[in-house]
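Q: The structure follows.
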Amino acid sequence: MSQNTLTLPLTDPRTGRERWSLTVGREAETRAAVAAARGAQPGWAGLTPRERARRLLRFADLIEENAASYVAAEQAGTGKPDAEAQGEVENCADLLRFYAGAQRADTAPAGGRRIRGRESWVRWEPMGVVAAIVPWNYPLMMAAWRIAPALAAGNTVVLKPALTTPDTAMLLARDAATALVPDALVTVPGDRDTGRLLVAEDIDMVAFTGSEAGGQDVAGRAALHRVSLELGGNCPALVLPDAPDDTCEELVRAVTYNAGQSCAAPARVITLRENYDRTVAGLAKAMSNRRAGADFGPLNNADQAARYDRIVGSSAAAIDHVGDIAAQRGQENGFWRPGRILADLAPDDPAVVEEVFGPVLTVQAVDTVEEAVALANSVRQALAASVWGSDTATTLALAHELNAGEVWVNCHLDQSPELPHGGRGSSGHGTDMSVLALTEYQRPKTVTVRLHTH
């Protein structure tokens, strides 16, 4: 343990009360973690794809066998409702199983005689040691998105969870030690300085999921290391006059899932003027049926609650439909914030240009579909978007025009391990999920052999 050990209190977001104190990793801890992962990497990478797959499948089995512990740990740090926490545990195990098979599929470019008299092929080799730094909004699922393809590709991983949510990361390291090889996955809990120290260690790659400011900090410190970034969203949802009848209910469900603390959650609803009033009324009605404390969880921490309060408090929206809070007894001082529909607001309103990262939808109206696309694409972030309408040709054309790494039509937040997820612009770069994510954690080596020496 480092000298001058630092411990910081962790808070239960449901109650606002301290739950335990975390010993924060510093240079000695990050260095020891990286050294352990470095030592384990050749042995882990040296396993055949079949052998690695069997161990990843065992890892997934352990997570499911210990699902109750994972759910309790996830809820302790986030306050998520039972169904959300259970769903994330299931998704984590499913993602590990997906990559256990995907890494055996050989997605490398085909070899062959590309040069006369030569035979060539491409080897995909692991990067080495990956530093995975993940956020507090989906502590388990974001960790799985990073560690599953990294481990499947033959890397070892040092996982740095967010300060407020280290619980499930510790369980992952425990079960990985049983299922994989020792130190294939090492966890270093801590704060932002812990993450900075980790980036400065002898690693080969940084996989960071978090805020735009955090991503810029990581990129600036990573030097020549490869960096994969998944950052903010502030995602638009284009609602056309012929949108399905359940559009408002589905958008409200999506923005209140995880209390809206998702980079890919809908944030900015954009309509045409002819369906603006109808959409605002529909969203307000749907939000009135969603209660913080009963239907969705709290914000994660005091800073996030203050951010919500600041942005909403500074908004000049003339229309403000506020949902209810139904916190249980003893949880009145938790970080509960109601769902809101903000409308009749200027294009530069703080609630529009800043990502609230909470259960808030803004609504804006334009005259034409072309203006709707321009408004959707007007912010720096370009992670995800959705289009709502009944005409297939129109909705697919709009999906093409939207600048986003992922676009949904008549749905939002629907994801699967087979489908890639990643941003553009200030939403970062890189790919999570799908077989494409394997190449994030690998580097190609071309081997060319002269066939005849005489």
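The values are calculated or read from the model by the stated rules, or taken from the named source; none is laboratory data. Since the structure is predicted, the reported quantities are computational estimates derived from the model, not experimental observations. No Cβ is skipped: glycine too gets one built from the backbone with ideal geometry, and neighbour counts run over all protein chains shown. The area values use the complete protein model at the heavy-atom level, side chains included, leaving out ligands, DNA and RNA. Shrake-Rupley method; radii C 1.70, N 1.55, O 1.52, S 1.80 Å.
Q: Just to confirm the number: angle between the C-alpha axis of helix 49-65 and the first principal axis of the chain, 0 to 90 degrees, nearest 10?
A: For 49-65 against the chain, the angle is about 40 degrees.
Q: In whole Å, what are the extents of segment 1-55 along the principal axes defined by its C-alpha atoms, from largest to smallest?
A: 48, 32, 10
Q: Still on this model: For Glu274 paired with Ser69, estimate the spin-label separation in nm (one decimal), with each label point 7 Å from Cα along the Cα-to-Cβ line.
A: Placing both labels 7 Å along Cα→Cβ, they lie 5.9 nm apart.
Q: Can you order the peptides 351-364, 319-332, 63-76, 156-169 by their average number of other Cβ atoms within 10 Å per residue, highest first?
A: 156-169, 351-364, 63-76, 319-332
Q: Let me know the Kirkwood hydrodynamic radius for the chain, please, with Cα pairs as the basis and the value in Å to one decimal.
A: Roughly 23.0 Å, rounded to one decimal.
Q: Per the Debye formula with a single identical scatterer at each Cα and no solvent contribution, what log10 I(q)/I(0) holds for segment 353-454 at q = 0.14, 0.22 Å⁻¹?
A: Normalising to I(0) and taking log10 leaves -0.67, -1.32.
Q: Stretch Thr453-Ala32 to full length: gain in nm at 0.36 nm per residue minus the Cα-Cα span?
A: 146.7 nm
Q: Separate question: Label-point separation (nm) for Arg443 and Asp309, each offset 7 Å from Cα along Cα-to-Cβ?
A: In this crude label model, Arg443 to Asp309 measures out at 4.8 nm.
Q: Here is a follow-up. Write down the Å³ per residue value for the convex hull defined by the alpha carbon atoms of segment 1-100.
A: Looking at segment 1-100, the number lands at 112 Å³ per residue.
Q: Could you rank His412, His452 by how accessible they are, 1.4 Å probe, largest area first?
A: Sorted by accessible area, descending: His452, His412.
Q: Still on this structure: Over the chain, what is the relative contact order in percent, taking alpha-carbon pairs closer than 8 angstrom and at least six residues apart?
A: Computed value for the chain: 19 percent relative contact order.
Q: What does the accessible area of Val407 come to, in Å² to the nearest 10, when a probe of 1.4 Å is used?
A: My reading of the accessible area for Val407 is about 50 Å².
Q: Something else about it: List the aspartates and glutamates whose Cα sits under 20 Å from the Cα of Lys445, skipping any in the same chain fewer than 8 residues away.
A: Asp106, Glu119, Glu125, Asp204
Q: Now a separate question. Applying 1/(1 + (r/R0)^6) with R0 = 41 Å to the Cβ-Cβ distance of Ile115 and Leu47, what FRET efficiency is obtained, to the nearest 0.05?
A: Efficiency at R0 = 41 Å is approximately 0.80.
Q: Tell me which residues come under 5 Å, amide H to amide H, from Val387 once H is placed; ignore anything under 5 positions away on its chain.
A: Close amide H contacts, sequence-distant or interchain: Leu238, Trp408, Val409, Asn410, Cys411.
Q: Give me the base-10 log of I(q)/I(0) for segment 240-393 at each q in 0.11, 0.14, 0.16 Å⁻¹, Debye formula, one uniform scatterer per Cα, rounded to two decimals.
A: So the normalised log intensities are -0.40, -0.65, -0.85.
Q: Suppose the chain between Arg226 and Asp246 were pulled fully straight at 0.36 nm per residue; how much longer would it get relative to their current alpha carbon spacing?
A: Roughly 2.9 nm would be gained on extension.
Q: Let me ask something else about it. Sequence-distant or interchain residues sharing an amide H contact under 5 Å with Arg17, placed H: which?
A: Distant-sequence amide H within range of Arg17: Asp12.
Q: In Å², and per residue, what accessible area does segment 347-408 have when probed at 1.4 Å with the other protein chains present?
A: 39
Q: Dipole magnitude of segment 207-273 about its Cα centre, charges +1 at Lys/Arg Cβ and -1 at Asp/Glu Cβ only, in debye to the nearest 20?
A: Rounded to the nearest 20 debye, it is 360 debye.
Q: Enter the accessible area per residue of segment 118-205 (Å², integer; probe 1.4 Å; all protein chains in place).
A: That works out to 26 Å² for each residue.
Q: Please tell me the relative contact order of segment 222-308 in percent, rounded to the nearest whole number, where contacts are Cα pairs under 8 Å and at least six residues apart.
A: Relative contact order, segment 222-308: 34 percent.
Q: With each pseudo-label sitting 7 Å past Cα toward Cβ, what's the Asn377-Thr5 distance in nm, one decimal?
A: 5.5
Q: What residue among Gln216, Tyr308, Cys411 has its Cα farthest toward the positive end of the dipole of the chain, where the charges are +1 on Lys, Arg and -1 on Asp, Glu, each on the Cβ?
A: It is Gln216.
Q: Relative to the longest principal axis of the chain, what angle (0 to 90°, nearest 10) does the C-alpha long axis of helix 276-288 take?
A: So the helix axis and the longest Cα principal axis differ by about 70 degrees.
Q: Using only helices, what value at 222 nm comes out for the chain when you add -39,500 (n - 2.57) per DSSP H run of length 4 or more and divide by the total residues, to the nearest 500 deg cm²/dmol?
A: So the helix-based figure for the chain works out to -12000 deg cm²/dmol.
Q: Going by amide H atoms built from the backbone, whose H comes under 5 Å of the H on Glu125, apart from near neighbours?
A: Arg443, Lys445
Q: At 1.4 Å probe size, what's the solvent-accessible area of Trp408? Round to the nearest 10 Å².
A: Its accessible surface works out to 10 Å², give or take rounding.
Q: What ranking of Glu418, Glu371 comes out by heavy-atom accessible area, probe 1.4 Å, highest first?
A: Glu418, Glu371
Q: For Arg221, what accessible surface area do you get with a 1.4 Å probe? Give it in Å², rounded to 10.
A: About 120 Å², rounded to the nearest 10.
Q: Would you work out what percent of the accessible area of the chain, with all protein chains in place, is carbon or sulfur (probe 1.4 Å)?
A: 49
Q: Could I ask something else about it? With θ set to phi - 60° and the Karplus curve 6.51 cos²θ - 1.76 cosθ + 1.60, what are the ³J(HN,Hα) couplings of segment 418-423 in order, to the nearest whole Hz, using x for Gly and Pro?
A: Whole-Hz 3J(HN,Hα) from phi for segment 418-423: 6, 10, x, 9, x, x.
Q: Related question: Let me check something: with ligands and nucleic acids excluded, how do Val312, Val206 order by accessible area (1.4 Å probe), largest to smallest?
A: Highest to lowest solvent-accessible surface, that is Val312, Val206.
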